[in-house]
Amino acid sequence: MPANLTPEYMKADKWYRTATTSEEKILALEEMLRVIPKHKGTEHMRADLRKKLSKLKDAESQPKKSGGHVDIFHVPRSGAGQVVLIGTPNTGKSSIVAALTKAKVQVTDFPFATGAPVPGMAKFEDVPIELVDMPPITADYSAAGQVGTYRNCDLVAIVIDLSGDVAEQLAVCLEFLESRSLLAAADMPAHDEHGNALGKKAFCICTKSDIAPPGALDALKELCDYPFEFVAISTETVSGLDTLMAKIFKLLGIIRIYAKPPGKGADMTEPFTLPTGSTVIDLAYDVHRQLAERLKSARIWGTGVHDGQNVQKTHVLSDKDIVELHFS
């Protein structure tokens with residue numbers, strides 16, 4: 001009986017064949033098993049896939065020898081969110097990180113100056129957000145292992161040079177992301193069976209707006225089938241950088257909450273950051289997990305409430321709310 005393999009399966013198969021790490025091979029095999037047609041003609045293929053997956057997982061579960069390989073593409077997340085940049089050579093990724101953070105990046109006119117991730121801490125008002133510069137990709141090359149950095153981040157920023165060939169740049173970036181199932185799409189579930197996100201939210205940072213030909217940004221938007229947000233900037237003139245940070249804050253889907261100890265003023269310097277839609281009890285758990293179980297009541301100053309109003313544990317918080325928690 002013919003297998004009648006779908007385009008989704010062939011895409012996952014390509015991902016598996018080009019994967020450079022065991023982690024990526026495992027993810028690709030899991031995707032192949034998820035999308036492969038379930039009928040008698042694919043029984044042997046499914047059994048083979050499960051065998052390969054089991055073998056890889058067993059190997060990954062073995063204790064690692066001390067002093068072994070260090071994964072340079074593992075970037076611990078820091079701040080209120082981690083945004084990882086992707087782009088072809090000389091699109092201005094390093095210039096963005098240099099302009100918005102204190103990270104020591106190499107800003108050059110020649111390609112491939114960045115050989116490993118370079119994280120830096122930017123700020124939107126009083127919220128720290130981590131930006132990560134990355135080695136460039138081309139249609140034929142990406143550094144082995146760098147896909148893991150994108151898989152573990154909160155937001156992918158596709159960097160497009162508006163003064164260059166926007167169609168080619170976009171095609172290269174989308175092929176890299178799509179072939180590895182890194183982009184959230186309408187036809188795929190948001191999470192796998194373990195609750196892990198299957199696709200990342202992404203947007204476009206459009207650089208060199210000061211020297212872009214007329215209509216370049218509109219042309220780029222027409223070429224893109226994804227409902228991305230587009231932010232045009234220039235690191236030379238610093239145009240659009242404030243807008244960029246505001247957009248990143250919005251896309252991360254977070255709110256900031258200021259804690260007010262009973263009888264004292266609120267700490268307005270270091271807010272707690274929580275996912276949009278979080279409640280009072282979510283804040284309590286973020287403050288201290290054990291104390292949260294003793295939460296008795298809360299007062300709030302902010303959106304849609306009277307100053308100092310008592311609210312329920314299930315009250316949904318808004319950005320910049322001030323909250324006073326009372327514990328038993």
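Values quoted throughout were computed directly from the atomic coordinates according to the rules given, and no laboratory measurement underlies them. Bear in mind the structure is a predicted one, so any value in this text is a computation, not a measurement. Using ideal geometry, Cβ is built from the backbone for each residue, glycine included, and neighbour counts are taken over all protein chains shown.
Could you check what % of the DSSP bridge pairs in the chain are antiparallel, to the nearest 5? Working shown, then result.
Numbers: 24 of 45 bridges.
If we restrict to bridges inside the chain, about 55 percent are antiparallel.
For the chain, count the residues as N, evaluate 2.2 N^0.38 Å, and divide the Cα radius of gyration by that value, please. Could the numbers behind the result be given before it?
Details: Rg = 22.9 Å, N = 328, 2.2 N^0.38 = 19.9 Å.
That works out to 1.15 for the chain.
Taking 41 Å as R0, compute the FRET efficiency from the Cβ-Cβ separation of Cys224 and Asp307 and round it to 0.05.
Numbers: r = 45 Å, r/R0 = 1.10.
Calculated transfer efficiency: 0.35.
Could you give the C-alpha radius of gyration of the stretch 82-252 expressed as a fraction of 2.2 N^0.38 Å, taking N as the number of residues it contains?
Numbers: Rg = 15.1 Å, N = 171, 2.2 N^0.38 = 15.5 Å.
That works out to 0.97 for the stretch 82-252.
In units of 2.2 N^0.38 Å, what is the alpha-carbon radius of gyration of the stretch 254-327?
On the way: Rg = 10.8 Å, N = 74, 2.2 N^0.38 = 11.3 Å.
Its radius of gyration relative to the 2.2 N^0.38 Å reference: 0.96.
Only four residue types carry charge here, +1 at the Cβ of Lys and Arg and -1 at the Cβ of Asp and Glu. Report the dipole size of the chain about the Cα centre in Debye, rounded to the nearest 20.
Numbers: 37 positive and 42 negative charges, 259 e Å.
The dipole of the chain has a size of about 1240 debye.
State, to one decimal in nm², a quarter of the convex hull surface area for the C-alpha atoms of the stretch 7-61, i.e. the direction-averaged projected area.
Values: hull surface 14.0 nm².
Its average projected convex-hull area is 3.5 nm².
D for the stretch 186-328, whole µm²/s, Stokes-Einstein with Kirkwood Rh over alpha-carbon pairs at 4 °C and 1.567 mPa s: what number? Numbers along the way, then the final one.
Values: Rh = 18.3 Å.
Value of D from the Cα-based Kirkwood radius: 71 µm²/s.
Expressed as a rounded percentage, what relative contact order does the stretch 82-252 have, with Cα pairs under 8 Å and six or more residues apart?
Computed value for the stretch 82-252: 22 percent relative contact order.
Remind me, relative contact order of the chain in percent, using alpha carbon pairs under 8 angstrom and six or more residues apart? Write down the numbers at each step before the final one.
On the way: 562 pairs, mean separation 40.4, N = 328.
The value is 12 percent.
Along the stretch 303-319, what does the Karplus equation 6.51 cos²θ - 1.76 cosθ + 1.60 (θ = phi - 60°) give for ³J(HN,Hα), rounded to whole Hz, x for Gly and Pro?
After applying 6.51 cos²θ - 1.76 cosθ + 1.60, I find 7, x, 9, 7, 4, x, 5, 6, 10, 6, 4, 8, 4, 7, 7, 10, 4 Hz.
Please list, by residue number, every one of the trypsin sites (Lys or Arg not before Pro) in the stretch 207-294 that is coil in DSSP and has at most 14 other beta-carbon atoms within 10 Å. Mind showing how you got there, number by number?
On the way: sites: Lys208, Lys221, Lys247, Lys250, Arg256, Lys264, Arg289, Arg294; in loops: Lys208, Lys264, Arg294.
Here the trypsin sites (Lys or Arg not before Pro) that fit, given the DSSP loop and packing criteria, are Lys264, Arg294.
Between Leu155 and residues 5 or more places away or on another chain, which pairs have amide H atoms under 5 Å apart, with H built 1.01 Å from N, and which residues are they?
Hits under the 5 Å cutoff: Gln82, Val84.
In whole Hz and in residue order, list the ³J(HN,Hα) couplings for the stretch 233-244 that follow from phi through the Karplus curve 6.51 cos²θ - 1.76 cosθ + 1.60, θ = phi - 60°; x for Gly and Pro.
Karplus values, whole Hz, x for Gly and Pro: 9, 9, 6, 6, 9, 6, 5, x, 5, 5, 4, 4.
Quick one: putting +1 on the C-beta of Lys and Arg, -1 on the C-beta of Asp and Glu, what dipole do you get for the stretch 7-61 around its Cα centre, in Debye to the nearest 20? Could the numbers behind the result be given before it?
Working: 13 positive and 10 negative charges, 48 e Å.
It comes to approximately 220 debye.
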